[in-house]
Structure formats: structure tokens, C-alpha cells
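Visitor: Right, I'll just put the structure down here and ask away after.
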Amino acid sequence: MSGVQSGTEGAVPLIARATRMLLSSDGSTTLLLEALLDTRLTVHVEDQSTVPVGQLPPTAVTALGLRPGAAAVRRASALLTPEGAVVSRNTVVFTAPPGGWSGSASDAAPLGKRLRQHGTRQHREILSSGAAVWPDHGERRCAYKEYVITCDDSARLYVREHFSPEYVHLPDGSPGFDPAGAGDLNPLRRAG
């Protein structure tokens, strides 16, 4: 995922194009990551519990229309390569799992792939994407995206994905990206 398109002046680096494609797609992030990395990915659930609304990301509360005093399931997981390397760290919030997915912490299939496997129709609405801090207790910058999945049975899931800087590179210097970390890679969508 490196280099610049040859033969064009001022071309956007391939890294920037791949990252922008990943962040702007309203399709399966896992399928895109698998294509970019040429490997299959599995999910490792690190924590899954029911928590009160006050412990959830405000964007998730708003996107899912949760009321004060309510609770929802918060699932923290990682997408892993066959060698166990972390490609992304994800948070999923839901009140009830959609048909076609048990919501079980022991299911190693990525959520979107499991829904597709069971024929569950889904629509993804991207809420924001851009630069964030990679959640490894350090200060490395990473790309992120957050969206809501609405399934044909009206179940809704909030998803926030942080992509490992080892695999998904921020397009430093590309238009719409603030290297100080405040900018959204897509200026039409800003994190709230």
C-alpha cells in the first residue's frame, strides 16, 4: 500500500487513496481490510457487557436514540490476522442483536460477515471518520470511522473502528487531513 500513481502530476499517494476508500465506504469494512491485506480476519471479543447509557460514547447514545436510565450492550473487540496481529480495535453498541447474529461474545466471525452469511439485509450510515489516537495507551495517531448499521428487522448497532497504524496509514499532507489530529479525513462529515 505505498507509492504514488505514476504518470500524473500531483497524484494522490496509494496509501491515501486506500485509507480514504476504507473510511468512506458504507460497505463491509472487514471485506475491504481483507482485500487490502490479502488475508482473512477473525474477531476476538475482549469485553462484552451491559452498561448504563452514561458509560457509552455520546455519539452511540444519540445514534441509537437511547434514553437516560437505559442500558445497552457494549462490545469491545479486535480484528486479528491469522498470526494474531491486531488490525483494528472496535466498539459495538446495541440493545438487541439483529436476526442472523447471536450477539454472542464467543462468535469469532466479524459482525458484517455473519449478518451477510445469514442473509440479513443491512444499511450502514457513516457518522464520522478521520484521525484519532490508537487505543494502545500511547500517542500514535490512527484512522477511525464510526457508523450505524440498521438491519431489515429494525435492529440498530453503533460501530466505531480504530485502524492500526501498522496496517492503515494516515494520509499525511493529503487534502482534508489536519496532521495535528483535529481534522476529519472527509470534510463533509465531522465527529460530533
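Visitor: For region 2-60, name all the residues that are modelled with pLDDT of 90 or more, surrounded by fewer than 18 Cβ atoms within 10 Å (Cβ to Cβ) and part of a loop (DSSP other than H, G, I, E, B).
Guide: Result: Asp38, Thr39, Arg40, Pro57.
Visitor: Mind checking which residues of region 14-72 are within 18 Å of Cys142 (Cβ to Cβ) and among the acidic types (Asp, Glu)?
Guide: Glu46
Visitor: Moving to a separate point now. What do you reckon, is Ala60 touching a Phe, Trp or Tyr at 6+ places or on another chain (Cβ under 9 Å) and not hydroxyl-bearing (Ser, Thr, Tyr)?
Guide: Numbers: touching a Phe, Trp or Tyr at 6+ places or on another chain (Cβ under 9 Å): yes; not hydroxyl-bearing (Ser, Thr, Tyr): yes.
Taking the combined requirement at face value, the residue satisfies it.
Visitor: Please work out which residue is farthest from Val148 (Cα to Cα), limiting yourself to region 53-70 and to residues that are touching a residue at least 24 places away in the same chain (Cβ under 8 Å) and in contact with a helix residue (DSSP H, G or I) (Cβ under 8 Å, 6 or more places away or on another chain).
Guide: Ala70
Visitor: Only one of Pro179, Pro165, Pro187, Pro175 is surrounded by fewer than 18 Cβ atoms within 10 Å (Cβ to Cβ) and at pLDDT 85 or above; which? Talk me through it step by step, then tell me what you get.
Guide: Values: Pro179 fails: at pLDDT 85 or above; Pro187 fails: at pLDDT 85 or above; Pro175 fails: at pLDDT 85 or above.
Unique residue meeting the criteria: Pro165.
Visitor: State yes or no: is Ala155 at pLDDT 85 or above, out of contact with any helix residue (DSSP H, G or I) (no Cβ under 9 Å at 6 or more places or on another chain) and among the small types (Gly, Ala, Ser)?
Guide: Details: at pLDDT 85 or above: yes; out of contact with any helix residue (DSSP H, G or I) (no Cβ under 9 Å at 6 or more places or on another chain): yes; among the small types (Gly, Ala, Ser): yes.
Criteria met by Ala155.
Visitor: Also, quick follow-up: Check Leu66 against each of (1) open to solvent by less than 60 Å² (accessible area, probe 1.4 Å); (2) not in a loop (DSSP other than H, G, I, E, B) and name the one condition it does not meet.
Guide: (2)
Visitor: Still on this model: I'd like the full set of residues that are closer than 18 Å to Leu56 by Cα and hydrophobic (A, V, I, L, M, F, W, C), limited to region 134-154. Reasoning before the result, please.
Guide: So in region 134-154, the residues closer than 18 Å to Leu56 by Cα come out as 135, 144-149.
Val148, Ile149 - these are the residues of region 134-154 that are closer than 18 Å to Leu56 by Cα and hydrophobic (A, V, I, L, M, F, W, C).
The values are calculated or read from the model by the stated rules, or taken from the named source; none is laboratory data. If you're wondering where the values come from, they're calculated on a predicted model, not measured in any experiment. When we count neighbours, we look across all protein chains shown, and the Cβ atoms used for this are built from the backbone with ideal geometry, even at glycine. Note: areas computed on protein heavy atoms with side chains; ligands, DNA, RNA excluded. Shrake-Rupley method; radii C 1.70, N 1.55, O 1.52, S 1.80 Å.
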